[in-house]
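Below is one structure, written out as structure tokens; the observations come after it.
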Amino acid sequence: MTHTGRYHGGLVFLSDLEGALDRFCRITSATLEDYGHSVDRQSITSPVEARVVASHYMVKLSLETLPGGERDVLLDEAAGLNRRVKPRKPRDRQRLVIELTPVASASDDRDISELMLVVMLYRMVDIYASEYIEWLSPDVHLTIEQFLGAFANVSPRRVRGRQQIIANNGKRFADIEETAPDLAMRYDRIAGQNAHAGNQGLVRLTEEEALALAFRAAPHPNEVDGQPPEEEAESDIRRLTAWGMTGMLCFVSAPVAAAMAAVNLLRGEDFRLNTQVLALTGAVATIAGSGMLGEALSLLSI
């Protein structure tokens, strides 16, 4: 089949023309927007013709009435059957013609364009009782069963229900939990590779990686420890204060300051321990400087 730069789609259905063209316009606009093409203009030029202009596509919709009504009613009338049943007026057969034209034919992706045409027809079939579908050519007729069977791999998340299209009160996008696995699989197919080289389960670490992970003092920069920024800032202030008190111990007792510095390096900065050691060391130095400690020792020796 020769590609002419236009994509033809047709739908023969049983219904009246009232409100049909407006519904088809809204389905077309919703499909274009779902695939990232913003609709610039949507206009109904006549009772049987409409146009939808998007950023990269122009869609022309045409309606026409075909001769003949419902086939079962006409056959009953011709055969003289069901005469006692109250006759009902056969519904008209309508034909919708869709012409999807890319704005720039050179940069057109045929697979994406045909997929959008499939989704448009898929949604339209859900609204009206259809007889057959014209696919890419007016001469190619597909029954509803053949069409749904040929394009069964179209994701149902992209095809919204009838009430969601007409009333426009449904969710436009699916939930993240539903779309995430499908998007991941689609990315793997496009990239031509499988995540984690096709291996599933926990990631196995080498001995060097496990040893480095065990002796790591601080968390990895990409890890989230769950602390808010206020608590992290307060923790940094406490660590700085602990080292400040260790520095003050150098003027009171150098051996005690060296011991506290070693504790801070090995076990981490403990604000409470540094406060207690500084207070105790200061009290002992004050008592020793006033001579009270010597008097107490002399009394104990007696």
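Would you point out the residue of the stretch 273-288, among those that are modelled with pLDDT under 85 and open to solvent by 70 Å² or more (accessible area, probe 1.4 Å), that is nearest to the chain's Cα centre (by Cα)?
Out of the qualifying residues, it is Val284.
Say we look at the stretch 31-58 and pick out the residues that are under 20 Å from Asp109 (Cβ atoms) and among the hydrophobic types (A, V, I, L, M, F, W, C); which of these is most open to solvent (accessible area, probe 1.4 Å)?
Checking each candidate, the answer is Met58.
Looking only at the stretch 127-140, count how many residues are in a strand (DSSP E or B) and either loosely packed, with under 15 Cβ neighbours inside 10 Å or of a type in the set (Gly, Ala, Ser) (or both).
2
The values are calculated or read from the model by the stated rules, or taken from the named source; none is laboratory data. Everything quoted here is computed from the prediction, not taken from an experiment. Positions of Cβ are generated from backbone atoms using ideal geometry, with glycine treated the same way; all protein chains shown enter the neighbour counts. Heavy atoms of the whole protein, side chains included, go into the accessibility calculation; ligands, DNA and RNA do not. Shrake-Rupley method; radii C 1.70, N 1.55, O 1.52, S 1.80 Å.
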